[in-house]
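Student: Dropping a structure here in structure tokens format, bear with me for questions.
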Ligand code: BG6
């Protein structure tokens, strides 16, 4: 191309968080316990109970988001604040809290982008079998109905389930139940099926109750490269891409079990029980857009069929692990890594966007993308996170390439608006534009400090992506 297309003029420049990672106040105002509150997190003590104290400081935070220039803020609602037991009695204080948060955003002209469910299932439901129990489908639909009813007029964009593929492929990444074991693959794929039915029903309900709103799934989408031109590597890479990505989106968008996934499940005896009406419910879900969380790419070769396939050669990132007999993850010599071992691959974002758009032809919102780093607060009050600027800058450039390729991308929500507790690596691994003054165990004064990336992203937004 001679010239890159500019960002569309109404592009949604945003940033993301999720309830349990940012709110704290985990036992306040009637909130019930979620699976996150009940899991073993090795680093965590005050981690999720205080988090970034956004529950109490959201007004101050939104003022900073306004100063940053955000056009949208993606956050999740904690199911346990609305239904402490997952179902049954409604906790009005929970609804009031999110109403205040949404109103505050709207006051500043910031679009609220609401995730219904981001990893934090009510523990009361978990005790009854969690997503493995079909009753959770109705509980989720009822929870969504309450939210659509209360906030439907104010919220234009809803996200159903955050990273359903991570929940199913890597349940351990989100935490291990205290003293508990991880679920079997059979039960995970049954959970997956129930989530899909629930998601289909909720999308249909959203269209009925909030005709002006849009709703979509938010999966972790990661492109892959085959390690060599060996034909068997190409098959393994295709296995990887389908089992970990396409199969989830095929169900969410077309309501169909992907043939390769189904054969893989059947072959292992892992296929879910499907009751009459389930596929119809999944198929009625029609998303209006696709949201993707993008962090990095994988490089895949033929499986050697032994345990070495699953050794974490690609650093800490569990997503990169292989599966014996199916695919093997390799190092990619052409890309860098973060301090936490995650592959940095901006070009992979362009590729992912092209593939997702070509396959589903729906507009795309990028709901997560970012770099986790042990940021340092200097004595002069500065946080010099030039690596974050470099990371986001390089990814924005690739979004522009994708736009130029003809892909419809309408929003970018880097992870994270402010520092949050990482899902499985504590507080020292930071992602935000705003530094939160607390340590891993010492919550200090939780003061908000603008990082260098804050001032940089502010300019990007102000110039609609021209400066930066
Ligand atoms: C995504 C999740 O998978 O990755 C977030 O949706 C999470 O909740 C983010 O925080 C980064 O992962 P981590 O483990 O570094 O916090």
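Student: Which of the strands (runs of 3 or more DSSP E) contained wholly in segment 219-306 include at least 2 residues that are over 21 Å from the mean Cα position of the chain (by Cα)?
Tutor: Ranges flagged: 224-226, 298-301.
Student: Regarding residue 86, is this residue within 20 Å of residue 162 (Cα to Cα) and modelled with pLDDT of 95 or more?
Tutor: Working: within 20 Å of residue 162 (Cα to Cα): yes; modelled with pLDDT of 95 or more: yes.
Criteria met by residue 86.
Student: Any chance segment 32-41 includes a residue that's surrounded by fewer than 20 Cβ atoms within 10 Å (Cβ to Cβ) and without any contact (Cβ under 8 Å) to a residue 60 or more places away in the chain?
Tutor: no
Student: Could you run through segment 319-339 and say how many residues are crowded, with 18+ Cβ neighbours inside 10 Å, within 14 Å of the ligand (Cβ to nearest atom) and not in a helix (DSSP H, G or I)?
Tutor: Of the residues in segment 319-339, 1 are crowded, with 18+ Cβ neighbours inside 10 Å, within 14 Å of the ligand (Cβ to nearest atom) and not in a helix (DSSP H, G or I).
Student: For residues that are in contact with a helix residue (DSSP H, G or I) (Cβ under 7 Å, 6 or more places away or on another chain) and not in a strand (DSSP E or B), scanning just segment 208-218, find the one that is nearest to residue 114 (Cα to Cα).
Tutor: Going residue by residue through segment 208-218, those that are in contact with a helix residue (DSSP H, G or I) (Cβ under 7 Å, 6 or more places away or on another chain) are 209-210, 213, 215, 217.
Subsequent filtering for residues that are not in a strand (DSSP E or B) retains 209-210, 213.
Working: 209: 16, 210: 14, 213: 11 Å.
Selected residue: 213.
Student: Being surrounded by 20 or more Cβ atoms within 10 Å (Cβ to Cβ), under 25 Å from residue 156 (Cβ atoms) and touching a helix residue (DSSP H, G or I) at 6+ places or on another chain (Cβ under 6 Å): is that true of residue 433 here? Talk me through it step by step, then tell me what you get.
Tutor: On the way: surrounded by 20 or more Cβ atoms within 10 Å (Cβ to Cβ): yes; under 25 Å from residue 156 (Cβ atoms): yes; touching a helix residue (DSSP H, G or I) at 6+ places or on another chain (Cβ under 6 Å): yes.
Yes: the conditions hold for residue 433.
Student: So, residue 380, is that one under 24 Å from the mean Cα position of the chain (by Cα) and without any contact (Cβ under 8 Å) to a residue 12 or more places away in the chain or not?
Tutor: Details: under 24 Å from the mean Cα position of the chain (by Cα): no; without any contact (Cβ under 8 Å) to a residue 12 or more places away in the chain: yes.
It is false that residue 380 is under 24 Å from the mean Cα position of the chain (by Cα) and without any contact (Cβ under 8 Å) to a residue 12 or more places away in the chain.
Student: Out of the residues in segment 340-390 that are within 16 Å of the ligand (Cβ to nearest atom) and farther than 30 Å from residue 252 by Cα, state the one that is surrounded by the fewest Cβ atoms within 10 Å (Cβ to Cβ).
Tutor: Restricting to residues being within 16 Å of the ligand (Cβ to nearest atom) and farther than 30 Å from residue 252 by Cα, the top hit is 374.
Student: Residue 395: part of a loop (DSSP other than H, G, I, E, B), within 16 Å of the ligand (Cβ to nearest atom) and crowded, with 16+ Cβ neighbours inside 10 Å, yes or no?
Tutor: Working: part of a loop (DSSP other than H, G, I, E, B): no; within 16 Å of the ligand (Cβ to nearest atom): yes; crowded, with 16+ Cβ neighbours inside 10 Å: yes.
Here the answer is no, as residue 395 does not meet what is asked.
Student: Continuing with this model, one more query. Being farther than 11 Å from residue 248 by Cβ and touching a strand residue (DSSP E or B) at 6+ places or on another chain (Cβ under 9 Å) is the filter here, so list the residues in segment 206-217 that pass it.
Tutor: Looking only at segment 206-217, we keep the residues that are farther than 11 Å from residue 248 by Cβ, and these are 206-216.
Within segment 206-217, 206, 207, 210, 213, 214, 215, 216 qualify.
Student: Shifting gears a bit: Restricting to segment 453-468, and then to whatever is in contact with a helix residue (DSSP H, G or I) (Cβ under 6 Å, 6 or more places away or on another chain) and assigned to a loop (DSSP other than H, G, I, E, B), can you tell me which residue is surrounded by the most Cβ atoms within 10 Å (Cβ to Cβ)?
Tutor: So, considering only residues that are in contact with a helix residue (DSSP H, G or I) (Cβ under 6 Å, 6 or more places away or on another chain) and assigned to a loop (DSSP other than H, G, I, E, B), the one surrounded by the most Cβ atoms within 10 Å (Cβ to Cβ) is 468.
Student: From the list 172, 200, which residue is within 16 Å of the ligand (Cβ to nearest atom), assigned to a helix (DSSP H, G or I) and within 20 Å of the chain's Cα centre (by Cα)? If you could, list the steps in order and put the result at the bottom.
Tutor: Numbers: 200 fails: within 16 Å of the ligand (Cβ to nearest atom).
Of the residues listed, the single one that is within 16 Å of the ligand (Cβ to nearest atom), assigned to a helix (DSSP H, G or I) and within 20 Å of the chain's Cα centre (by Cα) is 172.
Student: Evaluate segment 450-468: report whether one residue or more is modelled with pLDDT under 95 and either away from the ligand (no atom under 16 Å from the Cβ) or more than 16 Å from residue 293 (Cα to Cα) (or both).
Tutor: Within segment 450-468, the first condition is being modelled with pLDDT under 95, and the residues that meet it are 467-468.
Subsequent filtering for residues that are either away from the ligand (no atom under 16 Å from the Cβ) or more than 16 Å from residue 293 (Cα to Cα) (or both) retains 467-468.
Yes, some residue in segment 450-468 is modelled with pLDDT under 95 and either away from the ligand (no atom under 16 Å from the Cβ) or more than 16 Å from residue 293 (Cα to Cα) (or both).
Student: Residue 353 fails exactly one of the following numbered conditions: (1) modelled with pLDDT of 95 or more; (2) over 21 Å from residue 434 (Cβ atoms); (3) part of a loop (DSSP other than H, G, I, E, B). What is the number of that condition?
Tutor: Tallying (1) modelled with pLDDT of 95 or more; (2) over 21 Å from residue 434 (Cβ atoms); (3) part of a loop (DSSP other than H, G, I, E, B), residue 353 fails exactly one: (3).
Student: May I ask you to say which residue of 147, 205, 188 is outside any loop (DSSP other than H, G, I, E, B), within 21 Å of the chain's Cα centre (by Cα), under 24 Å from residue 82 (Cα atoms) and touching a residue at least 12 places away in the same chain (Cβ under 8 Å)?
Tutor: Answer to the check: 147.
Student: Filter segment 309-335 for residues that are modelled with pLDDT of 65 or more and in contact with a strand residue (DSSP E or B) (Cβ under 8 Å, 6 or more places away or on another chain) and give the result.
Tutor: The first filter runs over segment 309-335 and keeps only residues modelled with pLDDT of 65 or more, leaving 309-310, 321-335.
Hits for segment 309-335 are 309, 310, 321, 322, 327, 328, 329, 330, 331, 332, 335.
Student: Please determine, by comparing only the residues of segment 422-438 that are in a loop (DSSP other than H, G, I, E, B) and either in contact with a strand residue (DSSP E or B) (Cβ under 9 Å, 6 or more places away or on another chain) or more than 6 Å from the ligand (Cβ to nearest atom) (or both), which one is nearest to residue 64 (Cα to Cα).
Tutor: Looking only at segment 422-438, we keep the residues that are in a loop (DSSP other than H, G, I, E, B), and these are 423-425, 427-429, 431-433, 437-438.
This time we only want the ones that are either in contact with a strand residue (DSSP E or B) (Cβ under 9 Å, 6 or more places away or on another chain) or more than 6 Å from the ligand (Cβ to nearest atom) (or both), so: 427-429, 431-433, 437-438.
Working: 427: 21, 428: 22, 429: 21, 431: 16, 432: 12, 433: 10, 437: 15, 438: 18 Å.
Once the filter is applied, the top-ranked residue is 433.
Student: Between 444, 450, which is surrounded by fewer than 23 Cβ atoms within 10 Å (Cβ to Cβ) and without any contact (Cβ under 8 Å) to a residue 40 or more places away in the chain? Quick ask: steps written out before the conclusion?
Tutor: Numbers: 450 fails: without any contact (Cβ under 8 Å) to a residue 40 or more places away in the chain.
Sole residue among the options that is surrounded by fewer than 23 Cβ atoms within 10 Å (Cβ to Cβ) and without any contact (Cβ under 8 Å) to a residue 40 or more places away in the chain: 444.
Student: Need at least 1 residues that are within 16 Å of the ligand (Cβ to nearest atom), farther than 30 Å from residue 465 by Cβ and within 21 Å of the chain's Cα centre (by Cα) per element, so show me which helices (runs of 4 or more DSSP H) inside segment 10-124 make the cut, counting only ones lying wholly within it.
Tutor: Details: elements: 19-22, 47-50, 54-68, 79-82, 92-107.
It comes to 19-22, 47-50, 79-82.
Student: Same structure, new question: Confirm whether residue 199 is buried (at least 21 other Cβ atoms within 10 Å of the Cβ), modelled with pLDDT of 95 or more and more than 19 Å from residue 363 (Cβ to Cβ). Explain how you work it out, then say what you get.
Tutor: Values: buried (at least 21 other Cβ atoms within 10 Å of the Cβ): yes; modelled with pLDDT of 95 or more: yes; more than 19 Å from residue 363 (Cβ to Cβ): no.
Spelling it out, it is not the case that residue 199 is buried (at least 21 other Cβ atoms within 10 Å of the Cβ), modelled with pLDDT of 95 or more and more than 19 Å from residue 363 (Cβ to Cβ).
Student: Of all residues in segment 439-449, how many are more than 16 Å from the ligand (Cβ to nearest atom), touching a strand residue (DSSP E or B) at 6+ places or on another chain (Cβ under 7 Å) and under 15 Å from residue 21 (Cα atoms)?
Tutor: Filtering segment 439-449 down to residues more than 16 Å from the ligand (Cβ to nearest atom) leaves 439, 441-449.
With touching a strand residue (DSSP E or B) at 6+ places or on another chain (Cβ under 7 Å) added as a condition, the list becomes 446, 448-449.
When the remaining residues are screened for being under 15 Å from residue 21 (Cα atoms), the result is 446.
Here the count works out to 1.
The values are calculated or read from the model by the stated rules, or taken from the named source; none is laboratory data. Just so you know, these numbers come straight off a predicted model, no measurement behind them. Cβ atoms come from the backbone with ideal geometry, glycine included; neighbour counts cover every protein chain shown.
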